[in-house]
Structures are given as structure tokens and as C-alpha cells.
Amino acid sequence: MVVFICDGCGETLKKAKVDQHAARCRDCASVSCVDCSLSFWGDDYRFHTSCITEAERYEKTIFRGTRKLDASGTGHRPTPQHPSGNLKKLTPQEAWQNTIQSAVEQAPEGLRTYMTQLADLENVPRKEKPFRNFLTNSLKLKGKSGE
């Protein structure tokens, strides 16, 4: 639920009560969102439906996601693009493949050949232990303990 503060008098308002408050408060030219601190003039607040997730709000110190707002700052998050160009949410495996592909571009020269081979494979595990086993068996890479 989105909650606003009247910038004129400082009263806290739920979204449904902003119009009533604006009719009786002389100083109410704009309202600010409590969660993201954006100010909205006139009726612009109606388009502000969400701004941060509950995880961002209640798990401030341990939250690891990214906060993405659209260019207008209204709080509507863009939907990740599917590789085929459709507006479809990426599966975790597709997102992992995108991460591997971006790592290929940033990899040092010595690892780039291995990273390219890894990016060509489809079913790369996402968890650490299976990922290490996959690298050992598929790419013939040995870690510190398996020289």
C-alpha cells in the first residue's frame, strides 16, 4: 500500500484519502511518497502504484537485489526482456545464461576461452558445488584441491 505525506502540513495519508485532504488543506500543493521520497504535484500521485519491494523496505541491511525505477520515477518496474524479444519474464536459467554471457565479455584473456565454452553450454548449474563439479567434468578444469 502506498502512503503519502502532505508537503504543506505534514499529515500522513493513504492513497485513497489524498483527494479529500487536498480539498480541505490550503497548503496541499504536492504530496511525497513515504517509501521513496518522491514528490508528486497535482494528480500525479495516482500513477504511483509501487516504488520499493517489501524486501527493500524491511530488510534494508541484508537486501541484495537492485532497485529499478522507470525513467519517469513513478515506481513501475520494467519487465525483463526474453531473448526472443517478447515481453516475457526470464526463467532463472535464462537469467543465469545472461550472467555467464556478460562474464565472458569481462573475463581476462587466460579464462576467456573457458568462459566462451561455458557460455555455449545450455544446462550450466547455478549452485556453487554442482557448478564446480560441472567445470571439472565438462571443461576439464581442476581447482586448488584437484590439481
Net length gained if the chain between R46 and K89 were fully extended (0.36 nm per residue, minus Cα distance): 12.9 nm
Which listed pairs, of K15/K127; K15/K89; K89/K129, have C-alpha distances above 31 Å, in listed order: K15/K127
Around M115: net Lys/Arg minus Asp/Glu count, Cβ-Cβ under 14 Å: -2
Distance histogram in 10 Å bins (all Cα pairs of the range 98-140, percent per bin): 29, 60, 11
Contour excess over end-to-end distance, with Cα ends at C9 and A23 and 0.36 nm allotted per residue: 3.7 nm
Summed residue charge, Cβ within 14 Å of G8's Cβ, Lys/Arg positive, Asp/Glu negative: -1
Total formal charge among the other residues, if their Cβ is under 14 angstrom from that of V104, Lys/Arg +1 and Asp/Glu -1: -2
Estimated distance in nm for a label pair at Q101 and T113, the labels positioned 7 Å out from Cα along Cα-to-Cβ: 2.4 nm
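A short reminder: the numbers here are calculations on the coordinates, not readings from a lab. It should be emphasised that the depicted structure is a prediction, and the values quoted were computed from it without experimental measurement. All Cβ positions, even for glycine, are placed from backbone atoms using ideal geometry, and neighbour counts span all protein chains on display.
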